[in-house]
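The values are calculated or read from the model by the stated rules, or taken from the named source; none is laboratory data. In this text, all values refer to a predicted model and were calculated from it rather than measured experimentally. Cβ atoms come from the backbone with ideal geometry, glycine included; neighbour counts cover every protein chain shown. What goes into the accessible areas is simple: the full protein's heavy atoms, side chains included, and nothing from ligands, DNA or RNA. Shrake-Rupley method; radii C 1.70, N 1.55, O 1.52, S 1.80 Å.
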Amino acid sequence: MMTLTEFTQLLEIHGADSGNWPSAQRQAMLSLARDNSEAGDILSEFQRIDGLLATMEAPKFAGLGARIADQNLPQRQAGLMDRLLNWLLPLEAGSSLWRPALAACLPLFVGVIVGNFSNFAMDQSSQATQYWEDELAMISLADYSANRVEL
Amino acid sequence: MADDNGTQDEQWMEAVCRGDRRAYRALVDRHWKAISHYAFRLLGDVSEAEDISQETFLRLWKQAEKWQPGKARLSTWLHRITHNLCIDHLRKHSRMQAEADPGQFAEAETIDRRDHEDESRKELAGQLQQALAALPESQRSALMLCSHSGFSNQEAAAIMGISVKALESTLARARRNLRSSLSTEDSAA
């Protein structure tokens, strides 16, 4: 059974419009407002306040709409990063999910391309190539005669 | 209808991202009244509310890409910008959390009074303006967003940058204070 205090607290939070009341308590609130005259009066009071708030008029802002519409607007200029992204990944309708994912992959693509075309100033002949050449030389110079089996 | 507006807003925002000024004007035409009214209720000054409204739409133009249609309605995003600008403005002028001077709202009150025909309703509207002006800005903001602008509690919380629980607590205090102010004035009359 809902008390008047609970009823008032719910009205304070959700207002007098029963459509905004929590569904779990709506029926109990409606019943209380119908069956209890004090609750009905409280609801009427909140309805009056909400009605006044809803119909409260604004001052007449003379010509404000036109002034905002005609105000000086700066040339729209996207930031450097946005312009780069717009060039690489044009903004199409429905691309809002793919665009950030593709943008996140860009460093990976750049890394692969850079890695493929650059040796990062490492002299290949003095490193890996040299190593393989040494290996081949060692194999060719090895004396296999020691392992020959005399028949 | 709301969905149609949302789709239209989305198309216009895409056009704004491409620098289309006609789309910008269409968005201004649709949203400026709600934005300027909200700014006025937070600041209590017509000329300051006008400046904040202009700044809000300038931000829309400059930062259109930042709006994410899947996350929030455009009106929610615009109210959030307005809310932040108003809070910054109030902080700058050391008016944050201070109860506004009801006299600040006098201009709106007289205009409202002129427009209303029913005498008792005029009186009630005047009392409401006074009571609303006496609330701290967070409570005024929560009430305006939920009871006047029709935002859900979740949307209002997002606009104010607080949790839904905190918003509900603020709303409860605001309605309690408003109810108490109005009933006091009723009994005094």
Going through (1) more than 16 Å from B:G150 (Cα to Cα); (2) at pLDDT below 95 one by one, B:N5 fails only at (1)
Of the residues in the range B:35-74, those that are open to solvent by 10 Å² or more (accessible area, probe 1.4 Å), in a helix (DSSP H, G or I) and more than 9 Å from chain A (Cβ to nearest Cβ) come to B:S47, B:E48, B:D51, B:I52, B:E55, B:R59, B:K66
Filtering the range A:32-50 down to residues that are more than 44 Å from the chain's Cα centre (by Cα) and free of Cβ contacts under 8 Å to residues at least 12 places away in the same chain yields A:R34, A:D35, A:S37, A:G40, A:D41
Residue count, the range A:1-28, condition part of a helix (DSSP H, G or I) and open to solvent by less than 30 Å² (accessible area, probe 1.4 Å), comes to 5
Within the range A:44-67, residues under 19 Å from B:L178 (Cα atoms) and open to solvent by less than 20 Å² (accessible area, probe 1.4 Å) come out as A:F46, A:I49, A:L52, A:L53, A:M56
Here the residues within the range B:105-142 that are among the basic types (K, R) and either at pLDDT 85 or above or open to solvent by less than 70 Å² (accessible area, probe 1.4 Å) (or both) are B:K122, B:R140
